[in-house]
Amino acid sequence: MSALQKIQDTRQALVDAMQLRDWEAIGELDLACRVCVEQVLEEQPLNQSVVRENLEELLSVYGQLIEITSGERKAVVDEMSQITQAKSAAKVY
C-alpha cells in the first residue's frame, strides 16, 4: 500500500473516530498520520496535485478535530466550575 493510500485510509479512520469521540483511537491515528505524512514527503510523488489535495483534506480533518476538542475542553472546564461552585455552596450550609 502506498503512503498516499495510507494517508487516505488513516484520514477516514480519524473521521470515524472523531464522530465516535474515541480519543484513544484518535491519539493512535494521529501518530499513524504523522508517519504517513513523513513517508509521503520522503517519496517522490508522481502527481503532486493529488498529494497536495490529500494533505489539504487531512488538514481539514485536523481543523475539525481542533474545533471538537476545544468544545470538549470547554465543557469539562464548565463542569469543573459548577462542581467548585457546588462545593463552595455546600460549605456555606
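The values are calculated or read from the model by the stated rules, or taken from the named source; none is laboratory data. All values reported here derive from a predicted model rather than from experimental measurement. We place every Cβ from the backbone using ideal geometry, glycine too, and count neighbours over all the protein chains shown. To get the accessible areas, we keep the full protein, side chains included, count just its heavy atoms, and leave off ligands, DNA and RNA. Shrake-Rupley method; radii C 1.70, N 1.55, O 1.52, S 1.80 Å.
When we screen Glu53, Glu72 for residues that are in contact (Cβ under 8 Å) with a residue 40 or more places away in the chain, of a type outside the set (Val, Ile, Thr) and open to solvent by 60 Å² or more (accessible area, probe 1.4 Å), the only hit is Glu72.
The set of residues in region 31-50 that are closer than 23 Å to Thr69 by Cα and either among the β-branched types (Val, Ile, Thr) or surrounded by 15 or more Cβ atoms within 10 Å (Cβ to Cβ) (or both) comprises Ala32, Cys33, Val35, Cys36, Val37. Looking only at residues in region 40-92 that are of a type in the set (Asp, Glu) and under 20 Å from the mean Cα position of the chain (by Cα), the one that is nearest to Ala13 (Cα to Cα) is Glu57. Read through the list (1) at pLDDT 90 or above; (2) open to solvent by 80 Å² or more (accessible area, probe 1.4 Å), then give the number of the only condition that Ser60 fails. For Ser60, the exception is condition (2).
Within region 1-26, the residues that satisfy the criterion of being closer than 16 Å to Gln64 by Cβ and small (Gly, Ala, Ser) are Ala13, Ala17, Ala25.
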